[in-house]
Amino acid sequence: MRRRAAALDNRAMSSGEATPVSTAGLELSGARAGVLREAVELLSSMRFAISLLTVICIASVIGTVVKQNEPANNVVNQFGPFWADLFTTVGLTRIYSAWWFLVILAFLVLSTSLCIARNAPRILADLRNYKEHVREQSLLAFHLHAQGELAEAPDAAYARTAALLTGAGWRAKVQQRREGVALRGTMIAARRGATNRLGYIAAHSAIVLVCIGGLFDGDLVLRAQMWLQGKTAFDGAGLIRDVPAQHRLGPGTPAFRANLFVPEGERAGTAVINQPSGVVLQDLPFDVELKKFIVEYYDTGMPRLFASEIVIHDRDTGQATPATVKVNEPAQHRGIAIYQSSFDDGGSSLKLRALPLTGAGKPFDIDGSVGTSTTLAPASGGEAGRLKLEFTGLRVINVENMGGDGASATDVRAVDLARSLDQHLGSGAKPGASKGDLRNVGPSFSYKLRDASGQAREFNNYMLPVEMDGRRVFLAGVRDSPAEPMRYLRIPADGADSIDEWLRLRGALLDAGLRNKAAQRYGELAAPADKPEMRSQLAATALRALSLFAGAGGDKVKGSGLQAISDFLETSVPEDERGRISEVLLRILNGSLFELMNLARADAGLAPLAADDKSQSFIGAAMLSLSDSFFYPAPVLLMLTDFKQVQASVFQVTRAPGQTLVYIGCVLLIVGVFAMLYIRERRLWVWLAPQGDGRTRVTMALASTRHTLAADAEFDTLKKALLKDAA
């Protein structure tokens, strides 16, 4: 051992102070190699262990900020290609299984173990050492010391002192010092709070146990198992039962953490372990059957309770064990814990109504289930026949904040989830939302349309109309990538709470013959009775406005909707006249659309609508919605007509042999930190020297690991009790 540590021990022994804990490392004695000696000294130093612990803490903070074990496409969407590639290469997306993190953890275990091996023997030896050999002259050098002469014999003084210290909880050792046969004096060495020194061993042992437990329960054991058995990750697609054996681990894997997906009414016994290059399947020694999944919600729409009623079927014994799994209340079977991780759709069946938006074709029905795919109307041909429809999700409950902020209910260009969901349909947990504004707006479903090149857009449509700013509208959302927010199209509901009126108007708008009839009717109704010559002019203007709006404006103006009218004004009207002309043109367009809607109703055998405020409000909302519908990136609009929900539980199944070590380490850490912070080690020396006239001279001193006011008060109490009659 290093000489400096021995010198510190000798100096502490002579001064009566507690032996200090060295932060330096071990020094190998003998003619050892210099590099080895320096390496051992570095590894066993407390400074090195603290440095490693600091690095691990920083890495853990990064692991908390950067979501771990995410699929590669999610990382790219969140951080971009450059940072995603950098984070993946460095291992920041899988910190706790990165090789450098495991190496640092292993070195921390080694360094802390060497620190314990270096200091524990001296601490244990110091616990047995009461330092009764301290010289009486040295007591006067302590900060807390006192001296006095008692008018009682040494034996009586000793008896009174021993009784006082024993009653106060001091443990003492006595040494009588003689000169020849004559008694020179009695040294009483007492101590309290010795467990303070054990706190160091407990706290450092806790770090070792927690780290070892983390290594056992981490990917290190799993990787070793895969290497020993020649297993590899699977990066393909298909059913679990079709995955080859080289991508499966047996039930005897000593440590793993995997996900198990079980739909209601079904059972599963193969879990999935995510790996950077794919997945590895983990066969369990039992099957989990999901009888019922239970989810309860707060008023805000946030889930309040996840629970799964399951039956565990043991494959060896055939025994069926019922259990209920809740969040933070796992079920245990054969050393494997089953946690409620999340929930998902288990393959709900959907009935959809496809509404063509191209002006050609008739509505048709589609049946499917979540997680499956089909070709979108292959018999219809055209663009729709080349699209692949993927059913991705069903959400039965949507509790949203319906408190408006004064935004227009008909301005669909402002409804692009950056505003609509933040301002109109934001989460109920959003600050400023009142419970009176929270409302369940009914089911929604999501799907993807994938073209022949493999590119897909994601859609999310609500089944029922949602009341927003005094108007009931259907919401149809779309986004080009998961990194974008949904952009929602608001389609106004008619008097029957359906989308039929809007669809009839859109179909009529794309019919050139109906546009011409509507323009003629508008000209006849809008022209003053005393100016019949204006009928043809108003009819021509109305036809021009309808044609531009429908996207049939000719070669000079491309596009459709309000954007086409804006482009026409910019190219055909002087700048100083655009404001006035645009107001007139929009008023004519509004009136023409009203006539067009009545023509469409007449063709459907319905009575015309009255020209009242309600009809005008619908036309205004429909005009803006129709304008944006031309930019809807799909040939059909899918509406949910019926569904049968099938829920599924996602369980996390874990075998964690290091869990017990981690729990023991946590207990030791609490005990150790408490002992080091709140227990003070104190040493007390009382020297009783006999005087010739039957009196006794008392010299006393107290030493503490930390000089505090409490130590001063304790010494004053002892001094008054021992020297109460001292001269």
> Quick one: in segment 130-169, which of the residues that are buried (at least 19 other Cβ atoms within 10 Å of the Cβ) and assigned to a loop (DSSP other than H, G, I, E, B) is nearest to the chain's Cα centre (by Cα)?
Replying inline: Tyr130
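Can you pull out the strands (runs of 3 or more DSSP E) entirely within segment 460-567 that have at least 3 residues that are surrounded by 17 or more Cβ atoms within 10 Å (Cβ to Cβ)?
Working: elements: 466-468, 471-479, 487-492.
Per the criteria, 471-479, 487-492.
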> Only one residue in Gly346, Gly368 is under 30 Å from Tyr447 (Cβ atoms), in contact (Cβ under 8 Å) with a residue 24 or more places away in the chain and under 36 Å from the mean Cα position of the chain (by Cα), so which one is that?
Replying inline: Gly346
> Got a sec? Which of Asp242, Asp219 is surrounded by 15 or more Cβ atoms within 10 Å (Cβ to Cβ), out of contact with any Asp or Glu (no Cβ under 6 Å at 6 or more places or on another chain), charged (D, E, K, R) and closer than 30 Å to Gly346 by Cα?
Replying inline: Asp219
> Looking at segment 321-343, which of the residues that are over 17 Å from Gly265 (Cβ atoms) and within 17 Å of the chain's Cα centre (by Cα) is surrounded by the most Cβ atoms within 10 Å (Cβ to Cβ)?
Replying inline: Gln340
>> Looking only at segment 641-653, filter to residues that are in a strand (DSSP E or B) and open to solvent by 10 Å² or more (accessible area, probe 1.4 Å); which one of those is farthest from Ser341 (Cα to Cα)?
In response: Thr641
> Looking at Ile62, Ile56, which one is in a helix (DSSP H, G or I), at pLDDT 80 or above, closer than 30 Å to Asn274 by Cβ and open to solvent by less than 30 Å² (accessible area, probe 1.4 Å)?
Replying inline: Ile56
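Condition check ((1) under 23 Å from Arg257 (Cα atoms); (2) in contact with a Leu (Cβ under 8 Å, 6 or more places away or on another chain); (3) not hydroxyl-bearing (Ser, Thr, Tyr)) across all residues:
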site	(1), (2), (3)
Val76	no, no, yes
Val90	yes, no, yes
Leu105	yes, yes, yes
Thr112	no, no, no
>> Among the residues of segment 178-201, what is the count of those that are assigned to a strand (DSSP E or B), surrounded by fewer than 16 Cβ atoms within 10 Å (Cβ to Cβ) and either of a type in the set (Gly, Ala, Ser) or in contact with a Phe, Trp or Tyr (Cβ under 9 Å, 6 or more places away or on another chain) (or both)?
In response: 1
>> Looking at Leu144, Leu139, Leu124 in this structure, which one is modelled with pLDDT of 85 or more and out of contact with any His (no Cβ under 9 Å at 6 or more places or on another chain)?
In response: Leu124
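Among the residues of segment 254-269, is any assigned to a loop (DSSP other than H, G, I, E, B), over 23 Å from Ala648 (Cα atoms), touching a helix residue (DSSP H, G or I) at 6+ places or on another chain (Cβ under 7 Å) and open to solvent by less than 70 Å² (accessible area, probe 1.4 Å)?
Yes, that holds for at least one residue.
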> If you go through segment 617-631 one residue at a time, how many are in contact with an Asp or Glu (Cβ under 9 Å, 6 or more places away or on another chain) and open to solvent by 10 Å² or more (accessible area, probe 1.4 Å)?
Replying inline: 2
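Among the candidates Leu305, Leu228, single out the residue that is open to solvent by 20 Å² or more (accessible area, probe 1.4 Å), outside any loop (DSSP other than H, G, I, E, B) and farther than 24 Å from Arg334 by Cβ.
Leu305
The values are calculated or read from the model by the stated rules, or taken from the named source; none is laboratory data. Keep in mind it's a predicted model, so treat the numbers as computed, not measured. Because the Cβ atoms are built from the backbone with ideal geometry, glycine has one as well, and the counts that use them run over all protein chains shown. Just so you know, the surface numbers come from the protein's heavy atoms only, side chains and all, with ligands and any DNA or RNA stripped out. Shrake-Rupley method; radii C 1.70, N 1.55, O 1.52, S 1.80 Å.
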